[in-house]
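The values are calculated or read from the model by the stated rules, or taken from the named source; none is laboratory data. All of these numbers come straight from a predicted model, not from anything done at the bench. Cβ placement follows ideal geometry from the backbone for every residue including glycine, while neighbour counts extend to all protein chains displayed. Side chains are part of the model used for accessible areas, which takes the heavy atoms of the whole protein and leaves out ligands, DNA and RNA. Shrake-Rupley method; radii C 1.70, N 1.55, O 1.52, S 1.80 Å.
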Amino acid sequence: MSEDTTDDNTSPTDLVFDPQTWYSATVRDNNEECRNYLKTFTIGQLYSNDGHYVLVQCGVCGDPMEILTAVRLDPQPEIP
Ligand SMILES: [Zn+2]
(Lines give C-alpha, C1' and ligand atoms only; values in the text may rest on other atoms or scores of the structure.)
Protein backbone atom coordinates (compact mmCIF):
# COMPACT_ATOMS: atom_id res chain seq x y z
CA MET A 1 0.00 0.00 0.00
CA SER A 2 1.49 3.30 -1.02
CA GLU A 3 -0.05 6.62 -0.35
CA ASP A 4 -0.67 8.60 -3.47
CA THR A 5 -0.15 12.28 -2.97
CA THR A 6 1.12 13.21 -6.41
CA ASP A 7 -2.19 13.61 -8.23
CA ASP A 8 -4.05 15.25 -5.41
CA ASN A 9 -3.99 18.71 -6.97
CA THR A 10 -7.68 19.08 -7.54
CA SER A 11 -9.68 20.34 -4.65
CA PRO A 12 -12.72 18.22 -3.86
CA THR A 13 -14.74 21.40 -3.64
CA ASP A 14 -14.26 21.71 -7.40
CA LEU A 15 -16.43 18.67 -7.94
CA VAL A 16 -19.69 19.48 -9.63
CA PHE A 17 -22.54 17.03 -9.59
CA ASP A 18 -25.52 17.02 -11.87
CA PRO A 19 -28.70 16.36 -9.92
CA GLN A 20 -30.21 12.87 -9.93
CA THR A 21 -27.22 11.35 -11.60
CA TRP A 22 -25.11 8.31 -10.88
CA TYR A 23 -21.37 8.60 -10.53
CA SER A 24 -18.47 6.38 -9.75
CA ALA A 25 -16.30 7.99 -7.13
CA THR A 26 -13.25 7.59 -4.98
CA VAL A 27 -13.55 8.68 -1.40
CA ARG A 28 -11.23 8.94 1.58
CA ASP A 29 -11.78 8.61 5.28
CA ASN A 30 -10.37 11.61 7.14
CA ASN A 31 -11.26 10.51 10.65
CA GLU A 32 -7.96 9.75 12.33
CA GLU A 33 -9.68 7.71 15.01
CA CYS A 34 -11.07 5.34 12.40
CA ARG A 35 -9.26 2.26 11.19
CA ASN A 36 -10.07 3.41 7.67
CA TYR A 37 -8.15 6.66 8.24
CA LEU A 38 -6.65 7.90 4.97
CA LYS A 39 -7.78 4.79 3.15
CA THR A 40 -9.41 5.42 -0.18
CA PHE A 41 -12.39 3.52 -1.47
CA THR A 42 -13.99 3.22 -4.85
CA ILE A 43 -17.71 3.71 -4.96
CA GLY A 44 -19.15 2.05 -8.04
CA GLN A 45 -22.50 3.78 -7.89
CA LEU A 46 -22.89 7.07 -6.10
CA TYR A 47 -26.15 8.96 -6.46
CA SER A 48 -25.95 12.73 -6.58
CA ASN A 49 -29.39 13.42 -5.07
CA ASP A 50 -30.05 17.12 -5.72
CA GLY A 51 -26.49 17.61 -6.93
CA HIS A 52 -25.49 19.64 -3.89
CA TYR A 53 -25.64 17.30 -0.96
CA VAL A 54 -23.65 14.26 -1.98
CA LEU A 55 -22.63 12.21 1.00
CA VAL A 56 -20.60 9.04 1.37
CA GLN A 57 -20.51 7.70 4.89
CA CYS A 58 -17.76 5.53 6.25
CA GLY A 59 -19.12 2.11 7.09
CA VAL A 60 -16.93 1.91 10.17
CA CYS A 61 -17.09 5.29 11.89
CA GLY A 62 -20.13 6.74 10.13
CA ASP A 63 -18.37 9.99 9.34
CA PRO A 64 -18.80 11.51 5.90
CA MET A 65 -15.88 10.71 3.65
CA GLU A 66 -14.13 13.20 1.44
CA ILE A 67 -15.00 12.70 -2.20
CA LEU A 68 -11.79 12.86 -4.17
CA THR A 69 -12.96 12.10 -7.66
CA ALA A 70 -16.31 11.55 -9.31
CA VAL A 71 -16.98 10.37 -12.82
CA ARG A 72 -20.42 10.38 -14.36
CA LEU A 73 -21.53 6.88 -15.26
CA ASP A 74 -22.22 6.41 -18.93
CA PRO A 75 -24.62 4.85 -19.50
CA GLN A 76 -26.50 5.62 -16.33
CA PRO A 77 -27.53 2.49 -14.46
CA GLU A 78 -31.19 1.62 -14.43
CA ILE A 79 -32.38 1.54 -10.86
CA PRO A 80 -35.91 0.27 -10.35
ZN1 LIG B 1 -14.21 5.85 9.12
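Heavy-atom accessible area with a 1.4 Å probe sorts TYR47, TYR23, TYR53, largest first, into TYR53, TYR47, TYR23. What is the sum of charges around GLY59, taking Lys and Arg as +1, Asp and Glu as -1, for the other residues whose C-beta is under 12 Å from the C-beta of GLY59? Taking every Cβ under 12 Å from that of GLY59, the sum is 0.
Taking 0.36 nm per residue of sequence separation and removing the Cα-Cα distance, the ASN30/CYS61 pair yields an extension gain of 10.1 nm. Treating only the Cβ of Lys, Arg, Asp and Glu as charged (+1, +1, -1, -1), what charge dipole size does region 18-72 show about its Cα centre? Round to the nearest 20 debye. Once rounded to the nearest 20, the dipole reads 220 debye. The length gained by stretching the chain between ASN49 and LEU15 to full extension, at 0.36 nm per residue less their Cα-Cα distance, is 10.8 nm. Couplings 3J(HN,Hα) of region 66-80, computed from phi: 7, 8, 8, 9, 8, 10, 5, 6, 9, x, 5, x, 9, 9, x Hz, in residue order, whole Hz [Karplus 6.51 cos²θ - 1.76 cosθ + 1.60, θ = phi - 60°; x for Gly and Pro].
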